[in-house]
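The values are calculated or read from the model by the stated rules, or taken from the named source; none is laboratory data. Every value quoted in this text rests on a predicted model; they were computed, and no experiment measured them. Every residue, glycine as well, gets a Cβ built from its backbone with ideal geometry; the counts of neighbours run over all protein chains shown. These area figures cover heavy atoms from the full protein model, side chains too; ligands, DNA and RNA do not enter into them. Shrake-Rupley method; radii C 1.70, N 1.55, O 1.52, S 1.80 Å.
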Amino acid sequence: MTTSTRPLRVAIVGAGPAGIYAADALMKSGALVSIDLYERMPAPFGLLRYGVAPDHPRIKAIVSALHKLLDKPQVRLLGNIDVGADITLDELRSCYDAVVYATGANADRALPIPGVDLEGSYGAADFVSWYDGHPDVPRTWPLDAKKVAVLGVGNVALDVARILAKTAEELLPTEIPPNVHAGLSANQAVEVHVFGRRGPAHARFTPLELRELDHSPTIEVIVDPADLVYDEAALALRQCSKQVELICSTLEQWAAREPGERPHRLFLHFCENPVELLGDGEGRVRALRTERTRPGGAEVVAAGGDHTDWEVQAVYRAIGYLSEPVPGVPFDECAGVIPNEAGRVLAEPDSDAPEQRYLPGVYVTGWIKRGPVGLIGHTKGDASETISSLLADVDRLARPASPQPEAVIELLESKGIAFTTWSGWQQLDAYERELGAAEGRERVKVVERDVMVAVSRSSAAAGDCRASIEP
Ligand code: NAP
């Protein structure tokens with residue numbers, strides 16, 4: 001082992017669930033480790049802070065478990081650092097035995113249909129970033145459309161539809177920041193239409209999230225019985241999956257009832273494939289055109305040329321996320337992942353020699369490793385596989401020139417980077433809770449990056465970084 005006289009130094013890039021579970025797997029392995037967790041945001045927790053909807057406190061509560069995993073002497077948080085821009089992969093390699101990328105998937109998958117660039121056509125990831133108070137997106141969001149379409153029937157589509165259909169007052173007890181509450185208060189939407197391009201048995205959302213739609217006193221969920229069609233493959237799916245059965249039976253119950261009087265109507269449509277966004281002549285969305293499909297298993301099969309134009313003034317594309325390339329690391333543009341084998345980044349897949357086949361000392365985990373599917377807990381399995389690969393390689397890892405924990409701090413300071421730390425996060429956390437307490441809420445999120453950094457780096461947090469370094 002190359003590091004017998006010192007802990008194994010590992011940089012993990014991304015302090016979301018995937019990165020934190022990787023840190024945990026390293027700590028639990030029994031190896032002597034010293035981990036730096038790099039994060040582009042000034043605060044940790046990635047998708048939990050900037051992806052999970054504010055009205056999902058049950059999922060947000062995972063933060064408490066992750067908090068415990070991070071509150072360990074073997075791990076340091078280094079936030080507000082853009083790896084690739086502020087510090088390069090080569091610089092990381094000079095300070096660490098291994099680098100693990102856990103950068104997730106933050107962009108929207110492209111939808112190549114005519115009209116997709118019209119004003120009023122939005123990527124779900126951008127909207128989610130806005131309502132979750134991401135510091136790097138505009139503070140306002142246009143919510144003047146009365147009728148809105150949401151494309152896709154995954155959990156993100158349900159999040160977007162629910163946030164659009166709920167009232168601002170319903171969302172006020174959550175952690176939404178003031179600019180988001182103000183934006184939602186001006187929301188004009190009274191009809192939200194969600195479109196699945198295949199039948200109900202192929203919906204991607206989960207039963208709990210589906211049924212939750214019906215819990216809001218302001219949302220009337222409406223399903224057309226004509227949309228609930230199944231072929232043999234769909235019926236077989238329904239029979240062998242409890243989850244699919246629950247989804248289909250819930251939709252059938254909703255389709256069988258008379259619509260009530262709740263003020264906002266949320267329509268769940270199936271077998272409608274979006275084919276075009278129609279403009280109003282002034283560059284704005286005026287309608288969504290869909291083509292009727294019939295059940296065709298994994299395929300999207302046109303039913304015979306039937307098209308419908310749905311009068312909507314805004315379209316949200318919730319058709320899946322996409323990872324972004326990482327500087328200095330190969331990227332598979334088609335699959336949207338860093339090509340890898342069991343977490344080892346592939347450099348020359350045609351070579352059988354490990355030293356050429358893999359990018360030495362570089363690993364991946366989470367959505368950037370396997371694509372943007374699966375719930376938060378699924379990244380634990382990823383982390384355990386990746387960390388097993390890393391630990392199996394330890395004897396082959398090149399020795400870094402500057403493995404001392406102070407070295408990278410000196411490098412960051414010499415570059416003038418205002419990085420944040422774990423105790424900085426604890427200060428920001430306390431600050432957000434105080435803002436919340438003043439309004440009888442659990443937390444009010446701080447949105448501005450400079451305020452997040454200033455609170456995190458105020459005097460009580462300064463200098464904590466070296467103090468927390470394990471020799
Ligand atoms: P997803 O589950 O993959 O759903 C994407 C949806 O977009 C599918 O219905 C898909 O239909 C549709 N789609 C893809 N391409 C399309 C196209 N060209 N035209 C029309 N529709 C298209 O993705 P996601 O909703 O972004 O969720 C990502 C992951 O995060 C999932 O694992 C999800 O469960 C998880 N998540 C969980 C929660 C929660 O509250 N538990 C919240 C948010 C996200 P096809 O199936 O026909 O391709």
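Give, as residue ranges, the helices (runs of 4 or more DSSP H) completely inside the range 135-244 that count at least 3 residues that are under 26 Å from ALA302 (Cβ atoms). Show your work before the answer.
Working: elements: 155-165, 168-171, 178-185, 207-212, 232-240.
In the range 135-244, 155-165, 232-240 are the helices (runs of 4 or more DSSP H) which contain 3 or more residues that are under 26 Å from ALA302 (Cβ atoms).
Which of the residues belonging to the range 416-445 are among the β-branched types (Val, Ile, Thr) and either in a loop (DSSP other than H, G, I, E, B) or surrounded by fewer than 16 Cβ atoms within 10 Å (Cβ to Cβ) (or both)? Let's see the steps before the verdict.
Filtering the range 416-445 for residues among the β-branched types (Val, Ile, Thr) gives 417, 420-421, 444.
Within the range 416-445, ILE417, THR421, VAL444 qualify.
Residues being within 11 Å of the ligand (Cβ to nearest atom) and under 24 Å from the mean Cα position of the chain (by Cα): count how many of those fall in the range 201-222.
Step one: list which residues in the range 201-222 are within 11 Å of the ligand (Cβ to nearest atom), which gives 201-210, 212.
With under 24 Å from the mean Cα position of the chain (by Cα) added as a condition, the list becomes 202-210, 212.
Of the residues in the range 201-222, 10 are within 11 Å of the ligand (Cβ to nearest atom) and under 24 Å from the mean Cα position of the chain (by Cα).
Can you confirm whether the range 376-388 contains a residue that is touching a residue at least 12 places away in the same chain (Cβ under 8 Å) and assigned to a loop (DSSP other than H, G, I, E, B)?
Taking the range 376-388 as the starting set, the residues that turn out to be touching a residue at least 12 places away in the same chain (Cβ under 8 Å) are 376, 379-380, 382-388.
Narrowing further to those that are assigned to a loop (DSSP other than H, G, I, E, B): 376.
So far as the range 376-388 goes, yes, one or more of its residues are touching a residue at least 12 places away in the same chain (Cβ under 8 Å) and assigned to a loop (DSSP other than H, G, I, E, B).
So, of the residues in the range 446-471 that are modelled with pLDDT of 95 or more and not in a helix (DSSP H, G or I), which turns out to be most open to solvent (accessible area, probe 1.4 Å)?
If we filter the range 446-471 for residues that are modelled with pLDDT of 95 or more, which is where we start, we get 446-457.
The next check asks that each one be not in a helix (DSSP H, G or I); those that pass are 446-448, 457.
Numbers: VAL446: 9, VAL447: 7, GLU448: 75, ARG457: 111 Å².
Looking at the filtered set, the residue picked out is ARG457.
Please identify the pairs in which a residue from the range 103-121 that is away from the ligand (no atom under 13 Å from the Cβ) has its Cβ atom under 8 Å from the Cβ atom of a residue that is of a type in the set (S, T, N, Q), counting only partners at least 6 apart or on another chain.
THR103/SER323; GLY115/SER121; GLY120/GLN313
Residues are listed down the side, and each one gets a yes or a no for (1) surrounded by fewer than 19 Cβ atoms within 10 Å (Cβ to Cβ); (2) modelled with pLDDT of 95 or more; (3) closer than 21 Å to PHE267 by Cα:
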{"site": "THR290", "(1), (2), (3)": "no, yes, yes"}
{"site": "GLY305", "(1), (2), (3)": "yes, no, no"}
{"site": "TRP310", "(1), (2), (3)": "no, yes, yes"}
{"site": "GLY320", "(1), (2), (3)": "no, yes, yes"}
{"site": "PRO327", "(1), (2), (3)": "yes, no, no"}
{"site": "GLU333", "(1), (2), (3)": "yes, no, no"}
{"site": "VAL337", "(1), (2), (3)": "no, yes, no"}
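Open to solvent by 30 Å² or more (accessible area, probe 1.4 Å), touching a helix residue (DSSP H, G or I) at 6+ places or on another chain (Cβ under 6 Å) and within 16 Å of the ligand (Cβ to nearest atom): which single residue out of VAL52, VAL63 fits that description? Full working, then the answer.
On the way: VAL52 fails: open to solvent by 30 Å² or more (accessible area, probe 1.4 Å).
Exactly one of VAL52, VAL63 is open to solvent by 30 Å² or more (accessible area, probe 1.4 Å), touching a helix residue (DSSP H, G or I) at 6+ places or on another chain (Cβ under 6 Å) and within 16 Å of the ligand (Cβ to nearest atom), namely VAL63.
Pairs needed: first member in the range 222-244, more than 17 Å from THR293 (Cα to Cα); second member anywhere, surrounded by 14 or more Cβ atoms within 10 Å (Cβ to Cβ) and of a type in the set (Asp, Glu); C-beta distance under 6 Å; at least 6 residues apart or different chains.
ARG238/GLU245
Is one or more of the residues making up the range 151-158 within 16 Å of the ligand (Cβ to nearest atom) and under 24 Å from GLU258 (Cβ atoms)?
Yes, because at least one residue in the range 151-158 is within 16 Å of the ligand (Cβ to nearest atom) and under 24 Å from GLU258 (Cβ atoms).
Yes/no per residue for (1) closer than 20 Å to VAL373 by Cβ; (2) of a type in the set (Gly, Ala, Ser); (3) surrounded by fewer than 24 Cβ atoms within 10 Å (Cβ to Cβ):
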position: GLU119; (1), (2), (3): no, no, yes
position: LYS146; (1), (2), (3): no, no, yes
position: LEU151; (1), (2), (3): yes, no, no
position: LEU171; (1), (2), (3): no, no, yes
position: GLU175; (1), (2), (3): no, no, yes
position: VAL180; (1), (2), (3): no, no, no
position: ALA186; (1), (2), (3): no, yes, yes
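Answer with yes or no whether LYS166 is modelled with pLDDT of 95 or more and open to solvent by 50 Å² or more (accessible area, probe 1.4 Å).
Details: modelled with pLDDT of 95 or more: yes; open to solvent by 50 Å² or more (accessible area, probe 1.4 Å): no.
Judged against the criteria, LYS166 is not a match.
Read through the list (1) without any contact (Cβ under 8 Å) to a residue 12 or more places away in the chain; (2) in contact with a helix residue (DSSP H, G or I) (Cβ under 8 Å, 6 or more places away or on another chain), then give the number of the only condition that VAL326 fails.
Among (1) without any contact (Cβ under 8 Å) to a residue 12 or more places away in the chain; (2) in contact with a helix residue (DSSP H, G or I) (Cβ under 8 Å, 6 or more places away or on another chain), VAL326 violates only (1).
Looking at the range 273-330 only, could you name the residues that are more than 11 Å from the ligand (Cβ to nearest atom), in a loop (DSSP other than H, G, I, E, B) and over 25 Å from ASP144 (Cα atoms)?
PRO295, SER323, GLU324, PRO325, VAL326, PRO327, GLY328, VAL329, PRO330 - these are the residues of the range 273-330 that are more than 11 Å from the ligand (Cβ to nearest atom), in a loop (DSSP other than H, G, I, E, B) and over 25 Å from ASP144 (Cα atoms).
Does VAL75 count as within 15 Å of the ligand (Cβ to nearest atom), open to solvent by less than 50 Å² (accessible area, probe 1.4 Å) and assigned by TED's automatic domain parsing to the domain that holds ARG449? Walk me through how you get there before you give the answer.
Values: within 15 Å of the ligand (Cβ to nearest atom): no; open to solvent by less than 50 Å² (accessible area, probe 1.4 Å): yes; assigned by TED's automatic domain parsing to the domain that holds ARG449: yes.
So VAL75 fails the test.
Restricting attention to the range 37-49, and to residues there that are farther than 12 Å from TRP422 by Cα and aliphatic (A, V, I, L, M), which single residue is most open to solvent (accessible area, probe 1.4 Å)? If you could, list the steps in order and put the result at the bottom.
Taking the range 37-49 first, the residues farther than 12 Å from TRP422 by Cα are 40-41, 46-49.
Restricting the remaining residues to those that are aliphatic (A, V, I, L, M) gives 41, 47-48.
Values: MET41: 14, LEU47: 59, LEU48: 2 Å².
The extreme case among them is LEU47.
Report whether or not LEU428 is at pLDDT 95 or above and closer than 22 Å to VAL33 by Cα. Write out each step before concluding.
Values: at pLDDT 95 or above: yes; closer than 22 Å to VAL33 by Cα: no.
Against the criterion (at pLDDT 95 or above and closer than 22 Å to VAL33 by Cα), LEU428 does not qualify.
For residues that are in contact with a helix residue (DSSP H, G or I) (Cβ under 8 Å, 6 or more places away or on another chain), more than 16 Å from the ligand (Cβ to nearest atom), closer than 24 Å to SER323 by Cβ and not hydroxyl-bearing (Ser, Thr, Tyr), tally how many sit in the range 351-389.
6
Return the residues of the range 41-72 that are closer than 20 Å to THR386 by Cβ and among the charged types (D, E, K, R); say none if nothing qualifies.
Passing the criteria: only LYS72.
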